[in-house]
Amino acid sequence: MTTPARRWVLRGTATAIAVVVAVGTIGAAHAFGTEETPGRPAGRTVTPVPADAERVCAGSALRLSDDAGNDATTATPVGSASVATATTGSTVDRSDLQSSTTGSSNPTLLTAPAADTTPQVAGSSYQSVSDGDLVGVGAASCDDPSQSTWLVGGSTETGRTSLITLSNPTDVNATVDLAVFDATGTVSAPGTTGIVVAPNSQKVVPLSGFVSDQGSTVVHVTSSGGQIVAHMQETVVRTLTPGGFDVVSGGAAPARSQVIPGVVLRDIQESQRGDDTADAAPVVRLFVPGTKAARVTLGITTASGGGTTVNTTAEPGVVTDVALDDFENGRYSVTVSSTQPVVAGARSTTPTADGGTDVGWFASAVPLGARTIAAVAPGDGAGLNLVNPTTEDARVTITSGDDRQRVTVPAGATSTVDVQTSRQLVITGADRVVAGVTYAGDDGIAGFPLRPVTEVSSPVRVYP
């Protein structure tokens, strides 16, 4: 399939200045100087050219072998995910990124063509799969290309397979570095730096290639050149029994306050029965990227008003898992307050209707802003979780076509609402509200954070 030509939005003042200066400093300076009143700094207002908006969806579930069960160095997609999209433009075009020699999840590139202005585009994916030892449900947000992504999740213990997918939707090579951390500290291994991802393609990297037999991992993905959309897929096999799969979406950047807006806790004790279930207990995973230990308070609440707090200490440079014990069934939000910047995510495991278990990973998120568009992929038991970490009530409106829901989210509380799937949602009044979608059905659990609108540059004043 032919990949459409794309133009990239200038995302910041510094970038705009660099581009203008590089094009022609002398000519620009002369032009600026002739248009200014004498005695005032020379300058000109520059409006960025409208550009296509793009996000990349995670793709299908992956197995580390080919269709015949051979070639364990290549990741092969299993089944296909359902994708829902939204845009402020006229259409959303879907295309595939190319595969590399390491395989591909067949990620979907969403493109909203530019018009008089740069549009917004959003989306999410959901998949229920049952194929051999790959059983469970996974969901993920469709994300903006970025130079930095924190993936809080994964494991390389026996029976656990964690695969990092690196999608490059740009027209230049992306050079990627992976900083891998576990419960013992920073992982030093060959191959974690200088990973080249070709333009308009995806590369799959097994986490076990860098660290073995570690149950708690965090990966910081950085890129230069082309920007990357990174996800992680984890598959669990408990002895010989499938234990679920899920997709880890990128979480919020390190900060002293983090919000995980929807963690499904269901039949906690039941999911820990049987063999090889040490990692079936629900946890909040923390990592302090600095050099000082952090005193951390976890505030855990539900829409019904119940909740508790947990105090802990997270040492710097190592991954810390904090167990969540003795919770009733429900969808919980977790607010992390720390004395040092941290990244955070949560893992939960639930029994399934067929007698197995499924694992779910839930990422931290950032506030939505005054107006956000979203689309929830169709899946069993979908719910939208709204978290208000502020001291004032928030009045949020969710619009889909002619349907409109008004939700009051009390200060410091969580609200869970049913929303239409496969429909464009417009969310307003959520300036400081954090949101995530969770699924809880017979086949398992999953979730993803809602993303705010893509930051597009407004006109900037440029000086020579």
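Please treat every number below as a calculation from the coordinates, not as lab data. Values in this document were obtained by computation on a predicted structure and should not be read as measured data. Cβ atoms come from the backbone with ideal geometry, glycine included; neighbour counts cover every protein chain shown.
I'd like the per residue volume of the convex hull spanned by the Cα atoms of the stretch 53-449, given in cubic angstrom.
128 Å³
Rounded to the nearest whole Å³, what is the per residue volume of the convex hull around the Cα atoms of the stretch 173-288?
Hull volume over Cα atoms, normalised by residue count, gives 140 Å³.
So, in Å, what gap is there between the alpha-carbon centers of the stretch 286-322 and the stretch 213-235?
Cα centroid of the stretch 286-322 versus Cα centroid of the stretch 213-235: 21 Å apart.
Post the alpha-carbon centroid distance, the stretch 177-212 to the stretch 259-274, in whole angstrom.
29 Å
Viscosity 0.692 mPa s, temperature 37 °C: Stokes-Einstein D of the stretch 320-464 from its Kirkwood Cα radius, in µm² per second?
194 µm²/s
Under the classification rounded if a/c is under 1.5, otherwise prolate if a/b is larger than b/c and oblate if not, where does the stretch 337-409 fall, given a ≥ b ≥ c as square roots of the Cα gyration tensor eigenvalues?
Verdict is oblate for the stretch 337-409.
Can you pull the one-decimal nm distance between simple spin-label points at ASN311 and VAL49, each 7 Å off the Cα toward Cβ?
Here the answer is 5.8 nm between the modelled labels.
Just to confirm the number: angle between the C-alpha axis of helix 13-34 and the first principal axis of the chain, 0 to 90 degrees, nearest 10?
Relative to the chain, helix 13-34 is tipped by roughly 0 degrees.
To the nearest Å, what is the center-to-center distance of the stretch 387-402 and the stretch 83-143, using C-alpha atoms only?
Here the two parts' Cα centres lie 26 Å apart.
Quick check on the chain: of the DSSP beta bridges with both residues there, what percent are antiparallel, nearest 5%?
Approximately 95 percent, going by the DSSP bridge assignments.
Along the charge dipole of the chain, Cβ charges K/R +1 and D/E -1, which of GLY191, GLY79, GLY250 sits furthest on the positive end?
Highest projection toward the positive end goes to GLY250.
Based on the mean of other Cβ atoms within 10 Å per residue, sort peptides 227-235, 247-255 so the most packed one is first.
227-235, 247-255
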